[in-house]
Amino acid sequence: MTTTTGTAAGHRLPDFPWDSLEAARARAAQHPGGIVDLSIGTPVDETPEVLRAALAGAGDSPGYPMALGTRELRTAAAGWLRRRLGVTLADPLGADPSVVPTIGSKELVALMPTLLGLRDGTVVIPEVAYPTYEVGAVLSGLAVRRADAPPAEAAGIGLVWLNSPGNPHGRVLTDDELRAWVTWGRAHGVPIVADECYATLGWEVQPRSLLHPAVAGDDHTGLLAVHSLSKQSTAAGYRAGLLSGDPVLVRRVWEVRRHLGLLVPGPVQAAMTAALDDDAHVDEQRERYRRRRERLAAAVRAAGLRIDHSEAGLYLWATRDEDCWTTVEWLAGLGIVPAPGSFYGPAGARHVRFALTATDERIDAAAERLTA
């Protein structure tokens, strides 16, 4: 299915969706056991010592950092991609770099059309999607088209966003689906960019990177992937992300970023290097999320909701087969606040999203209320 949901007219941003949850939060806060806010997926566990030590050790940082990233960081990023995702980059230290650091991933997502120099046309995003894909298109004066499969007509399309594992629904694209987009993008000269921020959090299936040789083939022509340390390293406050893939496209993004002064601070680059070289803290955090997922999923089902997709990532995508705001109101009465699925597009209007990023105590409180 393909849906056109916006135009470039007026460059009007949508309302900031989280503001509309204030009434639900106020009601939930009246619960005797306090609010359990599962609406925003912000990490709550301690940032691992390996990052904090590296950050502190690089605190004497009087000079400007490089938009390109240090050699150590780019080498660590290439090693992480190869070790964890089976992706081998072209020379990460080459004149046309195949990986650069970014100030988190949201900033990169919002600016991607601008960084790639798109001036008119359409950005394709998933039917159910992270709102910032649309925001980035609108900021660049571009139209938005929602599609979960390559459209028959490519005229005017300048960029395609994929998201696997998906936010909000945790859906993982199959190798065949990824290859179909790669073939379509290369045939029409349209960059395909995959947001893979939850790639290390596969539960029922193992997510595959767009840059994996089983998908991309022998090179990354026309392909980019976005990664983040926010969730896997509980470092959202560090604003630490990566862009990798086609060296021509990465260089184009890097050149604009250094003109704009979009620089990852030097101490954060040191922390990123340490984090990408260390797998133990990632595996420990993954285990925490696995336990929370099992506890919450059982309670959500016991309360009569159906969980769709959710085979990977940090969320449960659930429905009572009713308007999402009706479900939000019911849950607020239990002191629980999810994200309404309508935040993520018309196709999400009958679902809610539960985040797994609350503390163990708050997840347990939500489970107890759902099963009472």
Considering only residues that are among the hydrophobic types (A, V, I, L, M, F, W, C) and surrounded by 14 or more Cβ atoms within 10 Å (Cβ to Cβ), look in segment 1-31 and name the one that is modelled with the lowest pLDDT.
Ala8
Right, Val182: more than 26 Å from Glu284 (Cα to Cα), assigned to a loop (DSSP other than H, G, I, E, B), in contact with a strand residue (DSSP E or B) (Cβ under 9 Å, 6 or more places away or on another chain) and modelled with pLDDT of 95 or more or not?
no
Which numbered condition trips up Asp218, out of (1) without any contact (Cβ under 8 Å) to a residue 24 or more places away in the chain; (2) assigned to a helix (DSSP H, G or I)?
(2)
Sort out which residues of segment 112-152 are aliphatic (A, V, I, L, M), surrounded by fewer than 22 Cβ atoms within 10 Å (Cβ to Cβ) and under 17 Å from the mean Cα position of the chain (by Cα), and write them in order of number.
Val135
Only one of (1) touching a residue at least 24 places away in the same chain (Cβ under 8 Å); (2) in contact with a strand residue (DSSP E or B) (Cβ under 6 Å, 6 or more places away or on another chain); (3) surrounded by fewer than 18 Cβ atoms within 10 Å (Cβ to Cβ) does not apply to Val328, and that is (3)
Residue list for segment 185-201, filter: closer than 25 Å to Ala312 by Cα, of a type in the set (A, V, I, L, M, F, W, C) and in a loop (DSSP other than H, G, I, E, B)
Cys197, Ala199, Leu201
What about Ala299, is it at pLDDT 95 or above and more than 25 Å from Asp19 (Cβ to Cβ)?
yes
Scanning segment 51-90 for residues that are within 19 Å of Leu223 (Cα to Cα) and surrounded by fewer than 13 Cβ atoms within 10 Å (Cβ to Cβ) gives Arg82
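The values are calculated or read from the model by the stated rules, or taken from the named source; none is laboratory data. These figures come from a predicted structure and were not determined experimentally. Glycine also receives a Cβ, built like all others from the backbone with ideal geometry; neighbour counts cover every protein chain displayed.
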